[in-house]
Amino acid sequence: MSSNMLAGKIFVITGTLSVVRREFENLIAEHGGIADQRVTKNTDFLIVGERAGKTKVGRANKSVYGEKVVHATNESTVRSWMYSGIPEALR
């Protein structure tokens, strides 16, 4: 079941998730999001799993581009957004 609840948002994953990374990237795409490999000025969300990479987390913490902030989140939160949508305050 797909939706557009993550439409246009760019996600980067770091660390270990409960599923294979490619599988979760496919889920993001099925719900309208984009999975990327590195944190850039275009990144909206960093999904932080277990044993997260310090480089990506550090870059996300420093990534304030004008008004845009990279938001750190976790796998279960993103899964809930696939059905309920991203909260307005984070869009």
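The values are calculated or read from the model by the stated rules, or taken from the named source; none is laboratory data. Not measured: the values here are computed from a predicted model. Please note: Cβ atoms are built from the backbone with ideal geometry, for glycine as well, and neighbour counts cover all protein chains shown.
Some points to look at:
- Lys56 meets the conditions (1) within 22 Å of Asn4 (Cα to Cα); (2) touching a residue at least 40 places away in the same chain (Cβ under 8 Å); (3) not small (Gly, Ala, Ser) in every case but one. The failed one is (1).
- Breaking point among (1) at pLDDT 90 or above; (2) more than 13 Å from the chain's Cα centre (by Cα); (3) not basic (Lys, Arg), for Trp81: (2)
- When restricted to residues that are closer than 15 Å to Ile86 by Cα and in a strand (DSSP E or B), segment 24-64 contains 4.
- Pairs where the first residue, in segment 67-91, is touching a residue at least 60 places away in the same chain (Cβ under 8 Å) and farther than 19 Å from Ala52 by Cα and the second is in a loop (DSSP other than H, G, I, E, B) and of a type in the set (Lys, Arg), C-beta under 7 Å, 6+ apart: Ile86/Lys9
- Filter result for Arg51 (surrounded by fewer than 13 Cβ atoms within 10 Å (Cβ to Cβ), more than 12 Å from Arg79 (Cβ to Cβ) and touching a Ser or Thr at 6+ places or on another chain (Cβ under 7 Å)): yes
Rundown of residues vs (1) charged (D, E, K, R); (2) within 15 Å of Lys9 (Cβ to Cβ); (3) in contact with a helix residue (DSSP H, G or I) (Cβ under 6 Å, 6 or more places away or on another chain), yes/no style:
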| position | (1), (2), (3) |
| --- | --- |
| Asn26 | no, no, no |
| Gly32 | no, yes, no |
| Thr40 | no, yes, no |
| Ala52 | no, no, no |
| Thr55 | no, no, no |
| Lys62 | yes, no, no |
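- Residue match in segment 70-86 (condition: surrounded by 16 or more Cβ atoms within 10 Å (Cβ to Cβ), polar (S, T, N, Q), touching a strand residue (DSSP E or B) at 6+ places or on another chain (Cβ under 8 Å) and in a strand (DSSP E or B)): yes
- In a residue-by-residue description of segment 17-34, the property of being touching an Asp or Glu at 6+ places or on another chain (Cβ under 6 Å), under 15 Å from Ser76 (Cβ atoms), at pLDDT 90 or above and exposed (fewer than 14 other Cβ atoms within 10 Å of the Cβ) applies to no position.
- Of the criteria (1) closer than 19 Å to Leu90 by Cα; (2) modelled with pLDDT of 90 or more, which one Ser63 fails: (2)
- Selected residue (criterion: surrounded by the fewest Cβ atoms within 10 Å (Cβ to Cβ)) from residues of segment 1-16 that are out of contact with any Lys or Arg (no Cβ under 9 Å at 6 or more places or on another chain) and closer than 18 Å to Lys56 by Cβ: Ile10
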